[in-house]
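Everything below concerns the one structure shown next.
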Amino acid sequence: MTEPLIATVVPDIAGHVRGKAIPLAGFDAVWENGTGWTPANVQITCFDVAAKSPWGPTGDVRMIPAREAMVEVALPAGATERFVLCDVVEGDGAPWECCLRTILKTALAALKAETGLELRASFEHEFTFRDGDGPEPGSAYSLRGLRGRRVFGETLCGVLRDAGLPPDSFLREFGPRQFEITLPPQPALRAADEAVALRQLTYAVAEDFAAPVTFSPLVTETGVGNGVHIHFSFWDENGHPKTLDGKRPHGLSEVAGRFIAGILDHLPALTAITAPSALSHMRLTPHRWSAAFNNLGVQDREAAVRICPTFGADAGKRARQYNIEFRATDAAATPHLSLAAMIFAGLDGIRQARPAPEPTVGDLTLLSAEALAAKSLARLPASLDEALLALEADTALLAAFPGRFGAIYLDHKRGELGALEGKDIDERLAAYRAAY
Ligand code: GLU
Ligand code: MG
């Protein structure tokens, strides 16, 4: 006989989900009262090495399952994947300072209070199959390349749909054995929950196919990166789109322009959260179609923030399609934390009434240091160490996070870097391939 279990899990700083499984039979009490959790677990890095924590072996918090974030779906090999994302609270029910879902909810509430607007987001995830090696000539974006993983792709899409996350597309990406799976836009909290679920379901299907995948930001030192691209748009409470204003340059509404200016102002620090592995900043280098400067671009896939195209003759439809893409992120980041940090930065731009950035044109590596400086453009941090220093110095951004979260986050990431000391690039690539 088997006993059906449900895993209560929290999305954590390492970009993983951790928790424990509880018999489904007794779960009614858990919906009500939650289940215990250890605060120091938030300092378990992606390599399972524990970073410095304020709690050590002491303390208790509680995971409270979020009914709207439950996933229950049959997997190809016959097992049922059953988990629920949780909020984490103190013993008295107050939000815990390191609950990432709560941090995102707080950011969204601040955006709503200060602008009246809601954020919708959609996530594109790139990942690479770990089996096989060498180049696959002629496979990039090809039907042949897609055909080689068709059964996997159709199964993954079916699992996502059955789990309540109907996919938008599955494609053979540019790099060897690289694919992409995208989900359509949702209210931001739902989008982050879905992004977490998508990664887990992709791992689960890959295990059943015995075809391991990795979302690691970089699989080889010089090759194409695995990016995560976050598309976002603003909506009022009546469901009207507020990102496009046809009378303004490039169609950017005033609020969208200010929000993007805030993101670009804080981008060096922001990348410590959105691109938070020791490999991430190697991906954020020129000519990788990722992001290398703190720039806005119009339909430019090398811009950190990109104004996306719309299609058709109907102005109303175009206003609903119009959205902005944030490209300086990857799957080492937790979706909830990436969105929250973007919103905190964007809100700062709104509060300061920053003007919309002027989009850049062309290859920024061809500009001199003076020409870049004249446009307030700079290369993104060259390493996670540099990004963490930028975050530490960005007191305005850090102050938006609750309690000790900023300091805890910095310790977490420095613990992760400590675990890599003495490892060469091939060992680092292998460590992250295995971790993500
Ligand atoms: N692989 C690229 C990245 O690292 C993105 C390619 C694309 O989809 O434009 O972000
Ligand atoms: Mg892509």
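The values are calculated or read from the model by the stated rules, or taken from the named source; none is laboratory data. Worth saying up front: this structure is predicted, and the values here are computed from it rather than measured. With ideal geometry, Cβ positions are generated from the backbone for all residues, glycine too; neighbour counts draw on all protein chains shown.
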Next on the checklist: Looking at region 239-262, can you tell me whether even one residue there is within 16 Å of ligand 1 (Cβ to nearest atom), at negative phi and aliphatic (A, V, I, L, M)?
Outcome noted: no
Item to check | Residue list for region 247-267, restricted to those being more than 15 Å from Gly349 (Cβ to Cβ) and part of a helix (DSSP H, G or I) | outcome: Pro249, His250, Gly251
Checklist entry - Ala79 is checked against (1) buried (at least 17 other Cβ atoms within 10 Å of the Cβ); (2) closer than 20 Å to Ala21 by Cα and fails just one. What number does that condition carry? => result (1)
Next on the checklist: Going through Ser383, Ser368, Ser338 one at a time, which residue ends up being out of contact with any strand residue (DSSP E or B) (no Cβ under 7 Å at 6 or more places or on another chain), among the polar types (S, T, N, Q) and under 30 Å from Thr214 (Cα atoms)?
Outcome noted: Ser383
Checklist entry - What residue, among those in region 172-186 that are within 9 Å of ligand 1 (Cβ to nearest atom) and in a strand (DSSP E or B), is nearest to the chain's Cα centre (by Cα)? => result Glu180
Item to check | Test for Arg414: is it farther than 26 Å from His287 by Cβ and in contact (Cβ under 8 Å) with a residue 40 or more places away in the chain | outcome: yes
Checklist entry - Can you name the condition, by its number, that Gly257 falls short on among (1) over 27 Å from Gly153 (Cα atoms); (2) of a type in the set (Gly, Ala, Ser); (3) within 16 Å of the chain's Cα centre (by Cα)? => result (3)
Next on the checklist: I need the full set of residues from region 222-248 which are touching a Phe, Trp or Tyr at 6+ places or on another chain (Cβ under 9 Å) and more than 16 Å from ligand 2 (Cβ to nearest atom), in order please.
Outcome noted: Phe232, Ser233, Phe234, Pro241, Lys242, Thr243, Leu244
Checklist entry - Restricting attention to region 217-231, does a residue exist that is over 19 Å from Ala275 (Cα atoms) and out of contact with any helix residue (DSSP H, G or I) (no Cβ under 7 Å at 6 or more places or on another chain)? => result no
Item to check | Number of positions in region 321-359 that are within 15 Å of Phe123 (Cα to Cα), away from ligand 2 (no atom under 16 Å from the Cβ) and assigned to a loop (DSSP other than H, G, I, E, B) | outcome: 3
Checklist entry - Only one residue in Leu201, Leu165 is touching an Asp or Glu at 6+ places or on another chain (Cβ under 8 Å), assigned to a loop (DSSP other than H, G, I, E, B), closer than 19 Å to Pro335 by Cα and away from ligand 1 (no atom under 15 Å from the Cβ), so which one is that? => result Leu165
Item to check | Residue list for region 161-181, restricted to those being without any contact (Cβ under 8 Å) to a residue 40 or more places away in the chain, surrounded by fewer than 21 Cβ atoms within 10 Å (Cβ to Cβ) and within 12 Å of ligand 2 (Cβ to nearest atom) | outcome: Ser169, Phe170, Leu171
Checklist entry - Using beta carbons and a limit of 9 Å, which pairs, at least six apart or on different chains, have the first residue in region 90-112 and over 13 Å from Val42 (Cβ atoms) and the second one modelled with pLDDT under 95? => result none
Next on the checklist: Only one of Asp245, Asp265 is modelled with pLDDT of 95 or more, within 22 Å of Phe401 (Cα to Cα) and among the charged types (D, E, K, R). Can you tell me which?
Outcome noted: Asp265
Next on the checklist: Checking the structure you have, find out if any residue of region 187-195 is closer than 30 Å to Phe259 by Cβ, within 16 Å of ligand 2 (Cβ to nearest atom) and in a helix (DSSP H, G or I).
Outcome noted: yes
Next on the checklist: Considering only region 126-146, I want to know if a residue exists there that is part of a helix (DSSP H, G or I) and under 24 Å from Val71 (Cβ atoms).
Outcome noted: no
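Residue-wise test of (1) acidic (Asp, Glu); (2) closer than 30 Å to Arg172 by Cα; (3) buried (at least 18 other Cβ atoms within 10 Å of the Cβ).
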{"residue": "Pro57", "(1), (2), (3)": "no, no, no"}
{"residue": "Met63", "(1), (2), (3)": "no, no, yes"}
{"residue": "Val71", "(1), (2), (3)": "no, yes, yes"}
{"residue": "Ser139", "(1), (2), (3)": "no, yes, yes"}
Checklist outcome for this item: Those residues of region 182-204 which are surrounded by 24 or more Cβ atoms within 10 Å (Cβ to Cβ) and of a type in the set (Val, Ile, Thr) amount to Val196
Item to check | Residue count for region 48-68, restricted to those that are more than 15 Å from Phe405 (Cα to Cα), in contact with a Gly (Cβ under 9 Å, 6 or more places away or on another chain) and part of a loop (DSSP other than H, G, I, E, B) | outcome: 2
Item to check | Residue that is farthest from Arg327 (Cα to Cα) [pool: residues in region 220-236 that are hydrophobic (A, V, I, L, M, F, W, C) and either surrounded by fewer than 24 Cβ atoms within 10 Å (Cβ to Cβ) or away from ligand 1 (no atom under 13 Å from the Cβ) (or both)] | outcome: Trp235
Item to check | Which listed residue, of Phe209, Phe215, is in contact with a Gly (Cβ under 9 Å, 6 or more places away or on another chain) and at pLDDT 95 or above | outcome: Phe215
Next on the checklist: From the list Ala374, Ala292, Ala315, Ala341, exactly one residue is of a type outside the set (Phe, Trp, Tyr) and either in contact with a Phe, Trp or Tyr (Cβ under 6 Å, 6 or more places away or on another chain) or under 22 Å from Thr115 (Cα atoms) (or both). Which is it?
Outcome noted: Ala341
